[in-house]
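Below is one structure; the comments refer to it alone.
The values are calculated or read from the model by the stated rules, or taken from the named source; none is laboratory data. Not measured: the values here are computed from a predicted model. Cβ coordinates were reconstructed from backbone atoms using ideal geometry, including for glycine residues, and neighbour counts include every protein chain displayed. Just the protein is used for accessible areas: all its heavy atoms, side chains included, with ligands, DNA and RNA removed. Shrake-Rupley method; radii C 1.70, N 1.55, O 1.52, S 1.80 Å.
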Amino acid sequence: MRRPVFAANWKMNNGPTAARAFIAAFAARWAPRDDRSVIFFPPALAVSAVVHALGSRTDLAVGVQNIWTEDKGAFSGENSAPIAKDAGARFVLVGHSERRHVFGETNAETARKCAASARNGLTPILCVGELLTQREAGETNDVVLKQLHVGLGRLTPDIVSSMAIAYEPVWAIGTGKTATPDDAANVHAVLRHALRGVVGVASESIPILYGGSVSAANAGALLAATGVDGLLVGGASLEVESWLVICAAG
Ligand code: 13P
């Protein structure tokens, strides 16, 4: 049985001041639970503020939304895995749909970012998902499998079996159009089968999260779908009330 993961992707919201206030309000009402993991992905400039606000709450983890492929050097404006680690991050979102479709990130780059995370002791969460046009053309499985196989291509089996995958259909992100629990279950089954092909039985430990217009109202049903091991949440993770409800789902 995989431990469900509840991940808040704040995207470009909540600077240090708002992040501190959010964490104080959330932590005051969220008691540690050993049956689930909760991870916050603030903007990079608010990572230190979140780490400090969490203090001794080691049940709540922090990650970054993106890193660059190299560990250091002349890459103005980028953040590296060693910098993220030094700031207190433990996880990295790699290949989020906005990185892919707004910033043009390629599958090859996601592979190098996963490798950069791993060689610096950070856990990558590789995000995959199809565009609406790809879904309508019946290409969903091909798209997510290519993203998965290329993205994992530079990792050792040990790293693959200790990381996480997130399925986020692009058409469901920030649109209010949630995939049905059946839609999610179908793609999660495809991903689970592929992971078994990559690392064998060790793949059983890899959580596969669903993301895309998750809300307090639909979190329970999505989490109950076969093969959904957690939720990656954007908009609904920006309100303490809805985030508390989502983290308690299932
Ligand atoms: P929304 O929950 O706002 O649709 O965003 C999903 C997402 O992209 C999380 O990474």
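Taking segment 211-224, which residues are surrounded by fewer than 18 Cβ atoms within 10 Å (Cβ to Cβ) and either in contact with a Cys (Cβ under 9 Å, 6 or more places away or on another chain) or closer than 20 Å to Cys127 by Cα (or both)? Once the filter is applied, which keeps residues that are surrounded by fewer than 18 Cβ atoms within 10 Å (Cβ to Cβ) and either in contact with a Cys (Cβ under 9 Å, 6 or more places away or on another chain) or closer than 20 Å to Cys127 by Cα (or both), segment 211-224 yields only Ser215.
Among the residues making up segment 169-184, those that are within 11 Å of the ligand (Cβ to nearest atom) and open to solvent by 10 Å² or more (accessible area, probe 1.4 Å) are Val170, Trp171, Ile173, Gly174, Thr175, Gly176, Lys177, Thr178. Being open to solvent by 30 Å² or more (accessible area, probe 1.4 Å) and of a type in the set (S, T, N, Q) is the requirement here; does Thr69 meet it? So Thr69 fails the test. Of all residues in segment 81-94, those that are under 23 Å from Glu168 (Cα atoms) and within 16 Å of the ligand (Cβ to nearest atom) have Cβ atoms under 7 Å from Cβ atoms of residues that are part of a strand (DSSP E or B) and among the hydroxyl-bearing types (Ser, Thr, Tyr), 6 or more apart or on another chain, in Phe91/Thr123. May I ask you to list the residues in segment 1-47 that are under 19 Å from the mean Cα position of the chain (by Cα) and open to solvent by 20 Å² or more (accessible area, probe 1.4 Å)? Answer for segment 1-47, where residues must be under 19 Å from the mean Cα position of the chain (by Cα) and open to solvent by 20 Å² or more (accessible area, probe 1.4 Å): Arg2, Arg3, Pro4, Lys11, Met12, Asn13, Asn14, Asp35, Ser37, Pro43, Ala44, Leu45. Being touching a residue at least 24 places away in the same chain (Cβ under 8 Å) and away from the ligand (no atom under 16 Å from the Cβ) is the requirement here; does Ala224 meet it? Taking the combined requirement at face value, the residue satisfies it. Can you work out which of the residues in segment 185-210 that are in contact with a Gly (Cβ under 7 Å, 6 or more places away or on another chain) and open to solvent by less than 10 Å² (accessible area, probe 1.4 Å) is nearest to the ligand (Cβ to nearest atom)? Among residues in segment 185-210 that are in contact with a Gly (Cβ under 7 Å, 6 or more places away or on another chain) and open to solvent by less than 10 Å² (accessible area, probe 1.4 Å), the one nearest to the ligand (Cβ to nearest atom) is Leu209.
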